[in-house]
Amino acid sequence: MATFEEASLEYHKARNKFDTNGKIGTLITKPCDTVAELAMAYSPGVAYPCLEIEKEIDTAYDYTNKGNLVAVISDGTAVLGLGDIGHLAGKPVMEGKCVLFKSFAKVDAVDIELNVHDTESIIATVAAIADTFGGINLEDIAAPQCFEIEERLKEICNVPVFHDDQHGTAVITTAGLINALEMSGKKAEDLKVVVIGAGASGIACATMYKALGVKNITMLDSKGVIHSGRTDLNKQKQMFAFETADRTPEDACKDADMILGLSGPEQITQDMVRSMAPNPIIFACANPTPEIMPDLAKAVRDDLIIGTGRSDFANQVNNVLGFPFIFRGALDVRATKITENMKMAASRALAALAKEPVPEYVAKAHNRTDMTFGRDYVIPSPFDKRLMESVSLAVATAAIEDGVARVKNFDLEAYKAKLREMANNG
């Protein structure tokens, strides 16, 4: 029997020497089988939509694939758990991201690997090509560079720019936190939250928790607690520095209501779990080995909600719950950006979906019979076909509310029905 590594390598290669390697290709959406169709697909017929776009640039959404096209762009400096492996070595991951866009939300995506690494070159390159696409998904760009790149591109580009490594985990864990608060009867403003890992995702998660109302957030990096006495902090970490006597993870986790792990294996001990407040929440997101295994955490607490990044445990924190449907909603209203309100709308939609009865096909996919709202189900399954309808609709609605949608007089009820049809027929 082939090992998983061997099977994966074989999966990515062509089945025979005449097939295409990799995971994605091009789908032609209009016929080109006759002389008349060829004349419309290219010369001379193609001139007419060109002239219409020249007169009004937004008609590119009407005559090209721009409105359903996302660029997945990376420089290969922070690829999954592999680190700085280079732009082409990261290409299988970016192709995989394109597969997820298409599989889960029917969004066409193209991977673009940049062989440049300085901030200005990346910004200039992405800005120069952005108008070709309906949205830009930045991926696997190292912190702290990624913060400035995204922020400046959001100001420059006329389409949504979204760094999923930052915001994806934030959207999903915020959804879980919303449901955990409801179950425990706690209020966001009363929580003590500990974030272990101060990279792009940790900063984005903490920022989103603050938007939810959390006031007390202790963040740790590889040197320990981020506090106001440290002089080695970048601009993003400085936002979470405050005066505290805590210096170690053990100090920080005492009486904590929530621990978010975005670091590495075995960073959360059973003693740290024991020291937490009643009805605690742990999202241990390191992959493939989380900061603490669920069975170890549950062995010392029976009032615990725990999630990981793994599909073989309950409450999986999986970014595929977010980015395909966030872009789906943004694309469909021709949004110019993804706002904080749109991200929070996605979180609230995910939280609400977890409280709905779970379809039989979802439970079967997980081989579980206990998938009802509770400690082991505060985050919905990525196999739930209702995700597109609930999350994309919420994002599109928020875009309209925020005034970033180009589409006017958008029929949300008709859109809801269309999303349901797309999900069920996909």
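Any read-out appearing in this document is the output of simple, stated calculations on the displayed coordinates, not a laboratory observation. Keep in mind that this is a model prediction, so the values were computed, not measured. So basically every Cβ, Gly included, is an ideal-geometry build from the backbone, and we count neighbours across all protein chains shown.
Brief remarks on what is shown
- Seen from a random direction on average, the alpha-carbon convex hull of segment 167-308 projects onto 7.5 square nanometres.
- The listed peptides 199-207, 5-13, ordered by packing as a protection proxy, come out as 199-207, 5-13 (highest mean of other Cβ atoms within 10 Å first).
- Angle between the chain longest axis and helix 340-354 axis [Cα atoms, degrees, rounded to 10]: 70 degrees
- Reduced Cα scattering model of the chain, Debye log10 I(q)/I(0), q = 0.07, 0.08 Å⁻¹: -0.36, -0.47
- Ranked packing of 280-291, 209-220, 325-336, 26-37, most packed first, by mean Cβ within 10 Å: 325-336, 280-291, 209-220, 26-37
- Segment 319-425 - convex hull of the alpha-carbon atoms, volume per residue in Å³: 95 Å³
- Largest GNM mean-square fluctuation across LYS416, LYS254, LYS17, computed for the chain with C-alpha springs under 10 Å, falls on LYS17.
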